[in-house]
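Reading through the structure tokens given below for one structure.
The values are calculated or read from the model by the stated rules, or taken from the named source; none is laboratory data. Remember, it's a predicted structure, so these values are computed and weren't measured experimentally. All Cβ positions, glycine included, derive from the backbone under ideal geometry; neighbour counts span all protein chains shown. For the accessible areas, the whole protein counts, side chains as well, though only heavy atoms, and no ligand, DNA or RNA atoms are used. Shrake-Rupley method; radii C 1.70, N 1.55, O 1.52, S 1.80 Å.
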Amino acid sequence: MFNDFRWEDGRHKIQRQALSEWLSRAKNVVIIELGAGLDIPTVRHYGEILGWPLIRINPRDSELGSSQGVSLPMGAMDGLKAIYSEVKSI
């Protein structure tokens, strides 16, 4: 991955198992993507495969493309504060 020749397969297997166990219990998951934009699509693509909505917080690359969700064209801290403000008012 990214020309990393010190890839630790054992660590990957442990992390993959932990993810599988978490996925079996996870409910109402929303992905919050902070500043990754278009250059790092890994989390966004994984969420699309699983059908999870996305909250993209990015001042430059805020468009969602084909993803379901909400776009917040602002910095990460301001976006998280906006989400917190909405959640605590419910």
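Quick check on the stretch 46-67. Is at least one of its residues within 26 Å of TRP22 (Cβ to Cβ), out of contact with any Asp or Glu (no Cβ under 9 Å at 6 or more places or on another chain), of a type in the set (A, V, I, L, M) and surrounded by 12 or more Cβ atoms within 10 Å (Cβ to Cβ)? Checking the stretch 46-67: at least one residue is within 26 Å of TRP22 (Cβ to Cβ), out of contact with any Asp or Glu (no Cβ under 9 Å at 6 or more places or on another chain), of a type in the set (A, V, I, L, M) and surrounded by 12 or more Cβ atoms within 10 Å (Cβ to Cβ). A Cβ distance below 7 Å, combined with a sequence gap of six or more or placement on separate chains, defines the contacts here; from the stretch 66-85, residues that are modelled with pLDDT under 90 reach residues that are in a helix (DSSP H, G or I) and open to solvent by 60 Å² or more (accessible area, probe 1.4 Å) in the pairs SER67/GLU48. For the stretch 54-84, filtering for residues that are within 11 Å of GLU33 (Cα to Cα), part of a helix (DSSP H, G or I) and either of a type in the set (A, V, I, L, M, F, W, C) or touching a helix residue (DSSP H, G or I) at 6+ places or on another chain (Cβ under 9 Å) (or both) leaves 2.
Considering each residue of the stretch 76-89 in turn, at least one proves to be open to solvent by less than 90 Å² (accessible area, probe 1.4 Å) and either in contact with a strand residue (DSSP E or B) (Cβ under 6 Å, 6 or more places away or on another chain) or of a type in the set (Phe, Trp, Tyr) (or both).
Which residue is nearest to VAL70 (Cα to Cα), if the candidates are limited to the stretch 22-38 and must be of a type in the set (A, V, I, L, M, F, W, C), open to solvent by less than 100 Å² (accessible area, probe 1.4 Å) and in a loop (DSSP other than H, G, I, E, B)?
This residue is VAL30.
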